[in-house]
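Rule-based calculations on the coordinates, nothing more; no lab input. Only a predicted model underlies this, so the values are computations on that prediction, with no experimental measurement involved. Virtual Cβ from ideal backbone geometry, glycine too; neighbours counted across all protein chains shown.
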Amino acid sequence: MSHVRNIAQGARGFTSNAFLVEGERTVLVDAGNDFDAVSRIESAVDDLDALVLTHTHPDHVGNVGPVVEAFDVDVWGFDPDQDLVDRAIADGDEVRIGDHEHVALHTPGHKDDHLCFYSEEAGTLYAGDLVFANGGFGRTDLPEGDRATLIESVEYLLETVDDSLSAMYVGHGPAVETDPIHHVELALQSARMSA
């Protein structure tokens, strides 16, 4: 079973969570920003196989350069036209994160290149900044943000996940390891009410 740790835990500054997923393919999901990601990765694992981005807001990608330089990894993301992205991931593609294949879900609304990654087999979801614990959802007041599109993306997410979902790793705040689908449903309600 893959081991997931947030290497941004306790970091002070403007950063997202950054999940180091150990397993058959050791992957960093988002690089975070404004902390020494390389030393935190090196203290946990011997090597890194890939860096996968949920999206390219600065708080999620600030550490990409040092991580790529230290581990010589490709950066995977939705938009290959972004300077940081080496390999494109399209909606519906499968990406191995740790020990399990995760389906990529293109979920714009917070940012046009936003992806979530869901594994039915593992029961895990990397939700980026689409939804958060306790019904939170991504900002839509930034460039490329759009509330109606975000609502559609949360609906798409709910149509895709099932009762196997047991852990949701989000871009900010705590992971959700108790009834994560309920938190996604709350986020949809909240987004609709404030639309």
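Residues that are of a type in the set (A, V, I, L, M, F, W, C), assigned to a loop (DSSP other than H, G, I, E, B) and loosely packed, with under 13 Cβ neighbours inside 10 Å are absent from the stretch 161-184. G109 fulfils the conditions (1) under 25 Å from F14 (Cβ atoms); (2) out of contact with any helix residue (DSSP H, G or I) (no Cβ under 6 Å at 6 or more places or on another chain); (3) touching a residue at least 40 places away in the same chain (Cβ under 8 Å) except for a single criterion, (2). Taking (1) more than 18 Å from the chain's Cα centre (by Cα); (2) in a loop (DSSP other than H, G, I, E, B) in turn, S39 satisfies each apart from (2). Scoring A122 on the criteria (1) within 18 Å of G171 (Cβ to Cβ); (2) buried (at least 22 other Cβ atoms within 10 Å of the Cβ) leaves a single failure, condition (1).
With respect to being in contact (Cβ under 8 Å) with a residue 40 or more places away in the chain and either under 23 Å from G138 (Cα atoms) or crowded, with 18+ Cβ neighbours inside 10 Å (or both), V75 falls outside the description.
In the stretch 128-152, the residues that are at positive phi form Cβ pairs under 7 Å with partners that are assigned to a loop (DSSP other than H, G, I, E, B) and surrounded by fewer than 23 Cβ atoms within 10 Å (Cβ to Cβ), at six or more places apart or across chains, as follows: E144/D112.
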